[in-house]
Structures are given as structure tokens and as C-alpha cells.
Amino acid sequence: RDYKVTGVQTCALPIYEKGGHTLRLVGVEVYNDIETYTSIFGTLFAGNGFVPLNPSMPLERNKSIIEQSELKLILSSNKNSDLSKMAIDAGLSVVDTKDLVAEKIDLTLPQNDENDIAYILFTSGSTGIPKGVPITRNNLTAFIDAFYALGYQIDENDKFMQMFELTFDFSIFTYIAPLCKGASVHTLPSSGIKYANVYTVLEEQEITFAAMVPSILSYLRPYFEEINFQKLKYSLFCGEALVKDIATEWQKCTPHSTIINAYGPTEATVFCLIYNCPHNADGIIEHNDAISIGVEMQDMKAIVVDENLKLLPIGEKGELCLAGPQVTPGYWKNEVKNKESFFILEVDGQKYTFYRTGDLAYKADDGNFMFLGRIDFQVKVDGFRIELGEIEHHVRHLTQLTNVVAIPINNKFGTAEIHLFMENIKNDISSLEEELKNILPYYMVPSYFHNRIAFPLNSNGKVDRKALTESVVGE
Ligand code: AMP
């Protein structure tokens, strides 16, 4: 469905009474409907923070998120969902937003401390428990301001496509950035094949600003010959490496669009480095075909460090670290992870708290950063962030096996799928798959399960992931 939201609507909810709010965090069960977007804005306008809960995720996962964020109230446009029922059984209040009457509200915003939480998103955690990333009002404002400061021409005539699940941080951008400028948001139908819906919405609704994950292009590529989107002004990609040849082909399909490669983790509020591709493909800066992730947005600081967290000079490869007003104050109630992920460093005479992204990068002579991959076992599948360790943790737990390895391997579209390798498994694999579906989000459930009598080992005695990968590529 296509929602055009040009003004501000919100619901009259008991918790929104001015001055009377005591709740800090409100759960929002997310659907592709106006009630959900209204609930998110209403929660923010009331001075509270929202925690999106995705009904297509396993109940166990949502339960962990509800418990971790100590939610007392959930706004839902589908009170009969398993998620709502589970919340009611657990003693939470669930407000049915379909029952609420739209009302004009006084938009004097409550006085908020800038460190109050705007939202918490939960990402994959290698220990098996999703970890919460709280984003403050300050972080969110800094991001939106920095995005507008990039100077893209956006006004109330623009039409943004919103193709993301509302538990994915890129979605925050695709509805907040346009609505704050009076532009409209065009969501995808909830059913059907995602890339086909993207095609239809881009074409039929004459989208002017499309924010996408690069893997969408891999799925659309067979149709590139037929695509000619004259109205598209901006194609912004984020979440995965943007490959030069496919971006160049996309440029031909969208002759007037500026292709933007945006980089950033959830922890630094959606994205914080930007590279605008020149129309002439020869001028695109890349490394091994991956387009540069560009330079920092307003007030952000990016550096590259070695394994001892010492600043590396230009051109040297190391871990990319980020500081500035967009960076989260720290993981939600997770001191261990915070100690590992943040550190203080003086750069050019100024002290910063840096977040370690886990991304391998270097800064080129011209000041642009280049993305080289990960230094750990975090991967992206269709833009979704996955800690392979989280999958392995649950498989070990369910099978009592020790040797379990999850590996992303590219399919014929050039996008990654998870293959799970198990050493000498005796359990029934189809029941294991079912059990995993009850625990993991659908995009983390491996697409392929392989049994091996014995794992190949490399010269260090570690499981040889390369040999395992090669064993299926030839199958
Ligand atoms: P998420 O928190 O889901 O946004 O995932 C953040 C991670 O996605 C980063 O740490 C990178 O590994 C990857 N990522 C995001 N944007 C880009 C990009 N433009 N190019 C390459 N990798 C990216």
C-alpha cells in the first residue's frame, strides 16, 4: 500500500498526556500500516523511546528483547498476533492502535534530556543473545541534521521508497528524513517478492529517492535492460559493499540519479560516511571493485587503528573506528561488550570516544575511506547483519556438537546464503532446521545444511573454512 503522510498525525493515547508520561520505553509491534508509523512518531513526540518488535521474528527473540528493555507497554495494530498474546500473558499492557481515534495534538514537544533514548534496535549477538543498541535523541538529531547538511535537494514533492523492515536501522532514515521535509514515504506491499515489489514501487509511484541495500541490485540485474527510471534523483545504497560494475549499470537505468554509497553501523545511527559517485564511471573511486565509502558526515570522526588501537597513517589497513555525536553511548546493559567496543583516544589534540566497527578499511591519500571487509565473523545477508557465532551457538546447543561452522557463500545472483557445516551429526537435520526457525530470525536460518565426517583443518590446526567453502562450490 502507498501511504502519503505529508502532515503529522498521531493517536490520542493515554500515555501521551502532556507532562504525565512516566514510561521511557514503549514497544511498537511493527507492521506496514499507518498505525505503526503513527505509534513510532507518537512515542517520540511524547518524549519516550520506541523499541520496534517484529512479529515475523521468533517469539523467543521478541521475548528476550521485551525482557531486556523491560517494556511495560506495547502498541500494536494487531492485538491477536502471537507476539501481542505472549506480551499480554507476560503481564504487559497491549494497546490496540486500530481502536484509537486520530486527534489533532498540541505539538509542543516535551522537554527532553538530549541523552534520552529515541529508540533501541537489537542486533545479532555472537553469544546467542541479541544485543541492544540505544540511540539517543541527540544521536538521531545529529544524524538527521548531518544528512540534510549534505545538500541533497529534497522537498515536499519528493517521494521516498521505504523497503525495510522497521527493526532494521536503515528504515529510520527512509521515513524520518522525508517526513521531516514534508516529502512522502512509499512503502512496499507486505506480501510478494521483495525485489519485484521494489521494481513496481519505483516505477509506478515515480520514486525520486530510493534507499536500498546493494543486494537488491543483484536481483534486479536480469531486468536492467527494461529499466528506465527517469524520475529517480537519488539512489542511496547502504549496509553492504557497493560493487562498481553493478552500480555503473544501475546508473544507465537511472540516468538522472546520483548514486550515493552510505556507510555506517547501527551503533553510529544509520550511516555516517558518504561517497557520491560521479556520473562518469571512470571517476569512481574503488578498491577491488568495492566503491569507496567516502568521507565523514558533519561532526563525525573516522580513523583507522592497528590491533593495539594505535592510529595508523594514511594508506595503512586496520580497523575502522568512529566517534562523534551519532555514536551510541553504549550497548544496552552490556558492560562486557562496551569494554570491548569503545575506547578513548586523542587525535589531533582532541580526546574522542571511539566505537570499533570491526570493519577493515584504510584511508586513501585523497581523504576517502576504502572498505575492505570484516575482521571478525559478522556477515551481511541481503543487508541483514548476522553474527555467524550466534547461529553456531544455537546449533551447538541443540545438537551437542562441538564442531559447527556457519559460512556465507555467494549464490548465482552473487548474494550471500548461509551454509551450515556440522561434523558427524547424528540428529535429524530437518528437525534441527525447524528448531532453528523457532529461535532465529528467518534470515539467519541457514539455507543449506552439510554433514562432514571430519572437518578439514588448516596448518594452525583450526577448522579450514576455505576448504569447507570450496567443498560445496564444486558440488
Ligand atoms: P548495520 O548495523 O546492520 O547497519 O551493519 C553495519 C555493517 O554493515 C558495517 O559495519 C559494515 O560491515 C556494513 N556496511 C554498512 N554500510 C556499508 C557500505 N556502504 N559498504 C560496505 N559495508 C557496509
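The values are calculated or read from the model by the stated rules, or taken from the named source; none is laboratory data. Nothing here was measured: the structure is a model prediction, and the numbers come from that model. Note that we place each Cβ from the backbone using ideal geometry, even for glycine, and neighbour counts take in every protein chain shown. We work out accessible area using only protein heavy atoms, side chains counted, and drop any ligands, DNA or RNA first. Shrake-Rupley method; radii C 1.70, N 1.55, O 1.52, S 1.80 Å.
Quick one: which of GLY132, GLY128 is crowded, with 17+ Cβ neighbours inside 10 Å and at pLDDT below 85? Walk me through how you get there before you give the answer.
Numbers: GLY132 fails: at pLDDT below 85.
One residue alone meets the criteria, GLY128.
Given the structure, is GLY349 surrounded by fewer than 17 Cβ atoms within 10 Å (Cβ to Cβ) and either small (Gly, Ala, Ser) or touching a Phe, Trp or Tyr at 6+ places or on another chain (Cβ under 7 Å) (or both)? Judged against the criteria, GLY349 is a match.
Looking at this structure, is ILE391 modelled with pLDDT under 95 and either among the β-branched types (Val, Ile, Thr) or within 11 Å of the ligand (Cβ to nearest atom) (or both)? So ILE391 fails the test. Total residues in the range 62-82 satisfying the condition of being under 22 Å from ALA118 (Cβ atoms) and in a helix (DSSP H, G or I): the figure is 6.
Looking at the range 305-317, is at least one residue more than 13 Å from the ligand (Cβ to nearest atom) and either in a helix (DSSP H, G or I) or buried (at least 21 other Cβ atoms within 10 Å of the Cβ) (or both)? Talk me through it step by step, then tell me what you get.
If we filter the range 305-317 for residues that are more than 13 Å from the ligand (Cβ to nearest atom), which is where we start, we get 305-317.
Applying the additional criterion that residues be either in a helix (DSSP H, G or I) or buried (at least 21 other Cβ atoms within 10 Å of the Cβ) (or both) yields none.
No: the range 305-317 contains no residue that is more than 13 Å from the ligand (Cβ to nearest atom) and either in a helix (DSSP H, G or I) or buried (at least 21 other Cβ atoms within 10 Å of the Cβ) (or both).
Residues in the range 341-378 that are among the hydroxyl-bearing types (Ser, Thr, Tyr) and touching a helix residue (DSSP H, G or I) at 6+ places or on another chain (Cβ under 7 Å): TYR355 only. Among the helices (runs of 4 or more DSSP H) confined to the range 141-244, the ones with at least 3 residues that are within 15 Å of the ligand (Cβ to nearest atom) and of a type in the set (A, V, I, L, M, F, W, C) are located at 170-179.
With the condition kept exactly as written, say whether any residue in the range 328-344 is open to solvent by 60 Å² or more (accessible area, probe 1.4 Å) and either within 16 Å of the ligand (Cβ to nearest atom) or over 30 Å from SER64 (Cβ atoms) (or both).
Yes - at least one qualifying residue is present in the range 328-344.
If only residues of the range 450-475 that are open to solvent by less than 40 Å² (accessible area, probe 1.4 Å) and touching a His at 6+ places or on another chain (Cβ under 9 Å) are counted, the one that is nearest to GLU60 (Cα to Cα) is HIS450.
Looking only at the range 370-386, residues that are more than 9 Å from the ligand (Cβ to nearest atom), out of contact with any Leu (no Cβ under 8 Å at 6 or more places or on another chain) and open to solvent by 20 Å² or more (accessible area, probe 1.4 Å) come to 2 in all. Each residue in the range 56-88 was checked for being small (Gly, Ala, Ser), open to solvent by less than 10 Å² (accessible area, probe 1.4 Å) and closer than 23 Å to LYS333 by Cβ, and 2 pass. Against the test of being small (Gly, Ala, Ser) and in contact (Cβ under 8 Å) with a residue 24 or more places away in the chain, the options GLY349, GLY358 yield a single qualifying residue, GLY358. Every condition in (1) in contact with a helix residue (DSSP H, G or I) (Cβ under 9 Å, 6 or more places away or on another chain); (2) within 24 Å of ILE129 (Cβ to Cβ) holds for PHE455 except the one numbered (2).
On the given criteria, is LEU420 open to solvent by 40 Å² or more (accessible area, probe 1.4 Å) and in contact with a strand residue (DSSP E or B) (Cβ under 7 Å, 6 or more places away or on another chain)? Let's see the steps before the verdict.
Numbers: open to solvent by 40 Å² or more (accessible area, probe 1.4 Å): no; in contact with a strand residue (DSSP E or B) (Cβ under 7 Å, 6 or more places away or on another chain): yes.
Criteria not met by LEU420.
The criterion of being away from the ligand (no atom under 16 Å from the Cβ), loosely packed, with under 14 Cβ neighbours inside 10 Å, among the charged types (D, E, K, R) and in a strand (DSSP E or B) does not hold for GLU434. With respect to VAL295, is the statement that it is away from the ligand (no atom under 11 Å from the Cβ), in contact (Cβ under 8 Å) with a residue 12 or more places away in the chain, open to solvent by 50 Å² or more (accessible area, probe 1.4 Å) and in a strand (DSSP E or B) true? For VAL295, the condition - away from the ligand (no atom under 11 Å from the Cβ), in contact (Cβ under 8 Å) with a residue 12 or more places away in the chain, open to solvent by 50 Å² or more (accessible area, probe 1.4 Å) and in a strand (DSSP E or B) - is met.
Residue-by-condition table, conditions (1) outside any loop (DSSP other than H, G, I, E, B); (2) in contact (Cβ under 8 Å) with a residue 24 or more places away in the chain; (3) under 21 Å from ILE172 (Cβ atoms):
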site: ALA247; (1), (2), (3): yes, yes, no
site: LYS252; (1), (2), (3): yes, yes, no
site: ASN261; (1), (2), (3): yes, yes, yes
site: PHE271; (1), (2), (3): no, yes, yes
site: HIS279; (1), (2), (3): no, yes, no
